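Participant: Got a structure here, written out as structure tokens. Questions coming.
The values are calculated or read from the model by the stated rules, or taken from the named source; none is laboratory data. Keep in mind the model is a prediction, meaning the values are calculated, not measured. Note: ideal-geometry Cβ built from the backbone for every residue, glycine included; neighbour counts use all protein chains shown. For accessibility, only protein heavy atoms count, side chains too; no ligands or nucleic acids. Shrake-Rupley method; radii C 1.70, N 1.55, O 1.52, S 1.80 Å.
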Amino acid sequence: MHKHIFTHTASSQQLKFTTSDSCDRIKDEFQFLQAQYHSLKLECDKLASEKSEMQRHYIMVSHAEIVKRLNGICAQVLPYLSQEHQQQVLAAIERAKQVTPPEMNSIIRQQLQAHQLSQLQGLALPMTPLPLGLSQPTLPAVTTSSGLFSLSSLLASQAQLAKEEKASRDGVDSHREEDGDKSD
């Protein structure tokens, strides 16, 4: 009988040792996994930072290239415009230089919202025409380069509207003069 108690006590101590050992192993594994998680999180943060930096660099390069090309186009077209239109274009270019990226993004968001609203309602709201070969962006994400395209098309449409308004005013004035000549 005494032997039986000793055996029972030894097996319970062995069970306790095994349970304690298992808990220690679980704790060690947990700490290892935590360290691995922390290492992966740091690596992920580093990659995200590098990605953001590369995107900024790409946008800056794209922005510079777009500005260079738009300036070239304006310089080629400007001499063919009337003096009044040259002044309007130069004023628009100066205004465009003052536009900040957040303002540009706001303008583009408004255009996208108006476009989406017109599609939903089936109404034809006036939208800024895009240069040939470009389609209206469908994603709400806005980059500096797409903002420049939108801004340039906005400026171009404003110049075109001013030209059309002037032409229609000139047409109305010439009709009035003809009518005035007939009534005399």
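Participant: Condition check: among the aliphatic types (A, V, I, L, M) and either surrounded by 10 or more Cβ atoms within 10 Å (Cβ to Cβ) or over 25 Å from GLU164 (Cβ atoms) (or both). Does ALA92 satisfy that?
Facilitator: On the way: among the aliphatic types (A, V, I, L, M): yes; either surrounded by 10 or more Cβ atoms within 10 Å (Cβ to Cβ) or over 25 Å from GLU164 (Cβ atoms) (or both): yes.
So ALA92 passes the test.
Participant: Can you find a residue in the stretch 21-33 that is aliphatic (A, V, I, L, M) and either touching a strand residue (DSSP E or B) at 6+ places or on another chain (Cβ under 8 Å) or modelled with pLDDT of 90 or more (or both)?
Facilitator: Narrowing the stretch 21-33 to residues aliphatic (A, V, I, L, M): 26, 33.
Filter once more, so that each one left must be either touching a strand residue (DSSP E or B) at 6+ places or on another chain (Cβ under 8 Å) or modelled with pLDDT of 90 or more (or both): 26, 33.
Yes; the residues of the stretch 21-33 include at least one that is aliphatic (A, V, I, L, M) and either touching a strand residue (DSSP E or B) at 6+ places or on another chain (Cβ under 8 Å) or modelled with pLDDT of 90 or more (or both).
Participant: So, one more: Out of everything in the stretch 27-60 that is open to solvent by 80 Å² or more (accessible area, probe 1.4 Å) and within 17 Å of the chain's Cα centre (by Cα), what residue ends up being farthest from LYS97 (Cα to Cα)?
Facilitator: It comes out as LYS51.
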